[in-house]
Structures are given as C-alpha cells and as structure tokens.
Amino acid sequence: MIKTFIKKYGIYMVVPVYTVLYLLAFHLLESRTAHGFHVIHASMDSSIPFCEYFIVPYLLWFFFIAATVLWFMFKDKEKKEYTRLIINLGIGMTLFILISWIYPNGHFLRPEVFPRENIFTDMVRALYGADTSTNIFPSIHVYNSVAAFIAIAHNETLRKKKVVVPGAFVLTVLIILSTVFLKQHTVVDVIGAFALNFVVYILVYRIGDNRVTVNNKAYSKAEHS
C-alpha cells in the first residue's frame, strides 16, 4: 500500500518536502551573514532609481510561482511537464544555496531614506525588515520567474489560451524589473540568474527531451520487432 502510494503520488510530494528543506537552508544562510560577505555591485546599479511601486509585482512573484507549480501539479495531464518544471526550479534553488554558502554575498544599495512616504514605501519597509540584502546571487526571484514562464510557454494547453502566455511574460518582466528598482538585487544578480537558467534550460528541456525521444524510439522499435 505504501509502495503504491509512493509510486502514484511520490513525485507530488517533492515540492512540499523540498520547500521545507530549502527554507531551513535559507534560514541558516541568513543567520550566518553577520560574519561578513562579499559586496556585489555594478555601475548600472547606481543609475537605476528606487521605485516603490514595483513592490506590487515583486510580491506577486509568490502567487505566480505557487500558482504555476500547483497548476502543473493538479491540472496538467502531462506529468513530464510538471517534472521538468520542478527539476528546473530545484536545480536553480539548490545551486543558489550552494553558491551563497561558498560565496557569501550582498549589497549596500537600499536607500537610507525613502524619497516618498506612501503605502508602497510602507510595504517596502516591511520587506526590508523581513529580508536582508545578503545572499542575493543569483536572484531567485528572477530565476524562478523565468523557469515558470518557460514551463508555461512550453505547455500546449496554456499556449492555446490567448491571455496566459503573454500575461505570464509581462508579469515575468515586471518581476525582474522589480528586483532592481526596489534595490533588492543588483544587475549582476539578474544576469547571473539568466545565465544559470540558460544552462539548466539546455539540460532539462533540450538534452533531457532528446534523451526521452531517443529512448521512446528505441522502445517502440523493440516493441514492434
């Protein structure tokens, strides 16, 4: 009975189990930053103004990632699509933890005084209080957003819906911009997230798909011989 349950639902237990482990690892990283870190900075960072209104897409990231994972988990009939998504997310988040552990990093870009006072700056102030400006490379906000969009853009069911893919693209772009306009991340973090996602995309969606196709052809040939 247990083996049957694991075989049928085991792949869906990966997300909650990994989420707990990831949050524990991230908590350890955050508590370790008091011992010092390497400062990440790019000249372009100083040219990007602070804009508190980007707190809206920044917070929508949590809904975007959760909704994408849950849709592929419960609504998509193709288990392969869900598997590719969580592998993509898992590799990126795990590498982020390892990079941050080996190379503690952070920045000093956050404004000491906000240029305006409104509900959005209050939300940013709360964000700053809950999240430090350390362990930022590569940006998980950027990496996960791109990974989610890739999964959505590759799904045949979602591609048929006119609003979903363009909407996901716009939201992904806004989330990426929010990371630098809120001074949560540097341009280096964004570029690092794109570079990492490109490598993982090749591994998961290109090389992985080619292997599956080759194996399926070999199986079909053997079955009909």
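Normalised by the number of residues in the chain, the mean separation of alpha-carbon contacts (under 8 Å, six or more apart) gives a relative contact order of 30 percent.
Using helices alone, what [θ] at 222 nm do you get for the chain, with -39,500 (n - 2.57) per DSSP H run of 4 or more residues, divided over all residues and rounded to the nearest 500?
About -23500 deg cm²/dmol.
Taking Cα atoms, how many degrees apart are the long axis of helix 119-130 and the longest axis of the chain, rounded to 10 and kept between 0 and 90? It works out to around 80 degrees.
Neighbour counts of C-beta atoms inside 10 Å place 122, 76, 189 in the sequence 122, 76, 189, starting with the fewest. Here r is the Cβ-Cβ distance between residue 46 and residue 202 and R0 is 25 Å; the resulting FRET efficiency, rounded to 0.05, is 0.15. Counted residue by residue at 0.36 nm each, then reduced by the alpha carbon distance between them, the extension gain from residue 74 to residue 125 reaches 14.8 nm.
Potential lengthening of the chain between residue 12 and residue 60 amounts to 14.9 nm, from the contour at 0.36 nm per residue minus the alpha-carbon distance. Along the stretch 160-165 the Karplus relation, 6.51 cos²θ - 1.76 cosθ + 1.60 evaluated at θ = phi - 60°, assigns HN-Hα couplings of 6, 8, 4, 8, 4, 5 Hz to successive residues, with x for each Gly and Pro. Which pairs break 29 Å Cα to Cα here: 77/162; 75/183; 80/162; 79/162; 161/183; 79/160? Checking Cα-Cα distances, 75/183; 161/183 exceed 29 Å.
Taken together, the values in this text are just the output of simple stated rules run on the coordinates, not laboratory data. This is a predicted model, so every value here is computed, not measured. Note that we place each Cβ from the backbone using ideal geometry, even for glycine, and neighbour counts take in every protein chain shown.
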